[in-house]
Each structure stands twice: as structure tokens, then as C-alpha cells.
1. Got the relative contact order for the chain handy, in percent, Cα pairs under 8 Å and 6 or more residues apart?
2. Full extension from T45 to V275: what is 0.36 nm times the residue separation minus their Cα-Cα distance, to one decimal in nm?
3. What is region 121-278's relative contact order, in percent, from Cα pairs under 8 angstrom and six or more apart in sequence?
4. Quick one: grab the alpha carbon gyration tensor of region 1-67, order the square roots of its eigenvalues as a ≥ b ≥ c, and give me rounded if a/c is under 1.5, else prolate or oblate depending on whether a/b is larger than b/c.
5. Relative contact order for region 1-96: what percent, with Cα pairs under 8 Å and sequence separation of 6 or more?
6. In terms of the Cα gyration tensor, with a ≥ b ≥ c the square roots of its eigenvalues, is region 70-180 rounded because a/c is under 1.5, prolate because a/b exceeds b/c, or oblate?
7. If you filter region 186-278 for trypsin sites (Lys or Arg not before Pro), then keep DSSP loop positions with at most 15 other Cβ within 10 Å, what is left?
8. Say a site is exposed when it is one of the GluC sites (Glu not before Pro), sits in a DSSP loop, and has at most 11 other Cβ atoms within 10 Å; what is then the longest site-free stretch of the chain?
Amino acid sequence: MTSSAPIGVFDSGLGGLSVVRRMRREMPNENIIFYADCSNAPYGTKSVEQVRLLSCSAAERLIKQGAKALVVACNTATSAAAEQMREKYSLPVIGMEPALKTACEAENTAEKPENAPDAETSGRTVIVAATELTLREEKFARLMKRFEDRHTIYRQPCPDFVTIAENGQLNDAKITDKAIHRYFDKYDLSKTDSIVLGCTHFVFFRDAFRRVIPKHVKLIDGNEGTVRHLKNVLKAADKEADKDTVGTVRIEGSFADAEQKRLAFELLGETPETVTPL
Ligand code: DGL
């Protein structure tokens, strides 16, 4: 059995488009509706209750349009609301969390002290960049618990990254690089193995990070794992799109103006003309 129903994806703003980009590449047959809640961004500095309300309202908008699965393309909304959404709605809800497991299991690249144990067995040094809400929530505390005994893990909130992305300033190297310096100069990066990009907005800073951060520091995001998980869930539910169809994507959102909507297409890497309407 196949299903041509759309996959509903949402984020507090434009960051979730980094997930949609990956979905378009790896699931070209699927129809996607993406909702960017730009007028309410950032979620990361709000209370859990506020983020829950906003997330449920975005989810319901997508469910009303017949979504066969929901992708919460936002680590913050996942921390605050994914469990509730799974209880409340009957469709599969795919959430995200900072890819700390991937970072801790990745190859060791940093300079370790001379008396450190064998590189293969010594722990990793990882900085998790995410929103304030993601980093202070119970979900992340549980994740930390699984790895903090063996690895050195720092939490770094980066609220300005969200504002920069939402304001369309990602191509302004002066602004992006200055923000990266502000958050990361305090770390000894020669001893850091990786930085986890634990917010979907931050994935759009990869090029800027590569300019500022030493090459041996890996940049790890959760988009690949999320799309892999989504594919498995759809397969198990017998709800994948027909392999002979060409998928479409529709972008909706509480945009401030036409410019912000144009920016959404720019971040998706597709023009409104190439995006077949559903
Ligand atoms: N993109 C969101 C995330 O992955 C959060 C950005 C925000 O603070 O709204 O956490």
C-alpha cells in the first residue's frame, strides 16, 4: 500500500527548512507541507507551556490538511510538546533531539592530553549548541545522563543564531562570524571533537562555522537521522508515497512579509515555480 497524503512538517520558523531540504533530496516522491511559525519565533526563549500551545496549533493546522505523519522539525518544540502530541494525535509524530549520541560515537579528532587513555577508548569533548529551552528541559537531561560519565559535554545556548536566520542575515559573514566568536571563543577548541548543531536553524550556519572553527571539530546535526527515522516509520506503516510520483512541497507560515516568504524558498533551495503546488 502507498499513500499520497502529505507529510506535515513544522518549526518555530525557517530552521525546519534544513530538514525539508534533506527530505526533498531523500524522499523525492513525497508530498510535503511545511509550516513556519515565524511570527512566534523564537520558541527557545519561551516557557514550555507557551511552546506546547504553539506547537499543537501548528500540528493541528497540518493534521486538518490530511497529514499522514508529523515531523517536528524543531528540537525545542520536541522537548516541550512531542510527548503530549503523541498522546493527543493518532498519526506518527517524528521529533528531533540534539545528535549527542552521534557526536559521542564519532571518531576522536581533538588533541588529547599526553596521559589520556588510548584515543579509541577515551571520551569525546562535545559542545551542544541549542536553544535555552532545549538545554534546560528534562528530555535533554535524560540524554546527557546516558553520555556524561564517559564524555565531556558542554551546553551552549545560541539565541542570536535564530534571530540572524529569521532576519535573513545568514549571508552576512560579519554578523554570523561575530556571533560564532561570541559563543565559542571561550572554549579550548583544540581539545574539542565536535559541536552538535542542536537546533534546526543552526544547520544553516555550517559555512560560517567552517570559516571560524578549526577544521578538526566536526559539526554534527540530527537531520540525517530524523529523515532516516521518518522513512522507516512510513515504511512500517505502509504509507510511503508511490515511487512513480513526483513529490511536491508547499510552504505556509505566519510570515512577517513577502520578503520572509521569499527567504523561505531561498533556504529551501527551490523557487516557487519549481515547487509544484499540491
Ligand atoms: N529551530 C528550533 C529548534 O530546532 C528553535 C528555534 C527557536 O528558538 O525558535 O530548536
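1. About 30 percent, as a whole number.
2. 79.5 nm
3. Values: 152 pairs, mean separation 34.4, N = 158.
Relative contact order here is 22 percent.
4. Oblate shape, in that a/c is at least 1.5 and b/c is the bigger or equal ratio.
5. 34
6. On the way: a/c = 2.57, a/b = 1.25, b/c = 2.07.
The shape class here is oblate.
7. Working: sites: K186, K191, R206, R210, R211, K215, K218, R228, K231, K235, K239, K243, R250, K261, R262; in loops: K186, K215, K239, K243.
Those satisfying the criteria are K186, K215, K243.
8. 121-272
The values are calculated or read from the model by the stated rules, or taken from the named source; none is laboratory data. Quick caveat, the model's predicted, so the values are computed rather than measured. We place every Cβ from the backbone using ideal geometry, glycine too, and count neighbours over all the protein chains shown. Heavy atoms of the whole protein, side chains included, go into the accessibility calculation; ligands, DNA and RNA do not. Shrake-Rupley method; radii C 1.70, N 1.55, O 1.52, S 1.80 Å.
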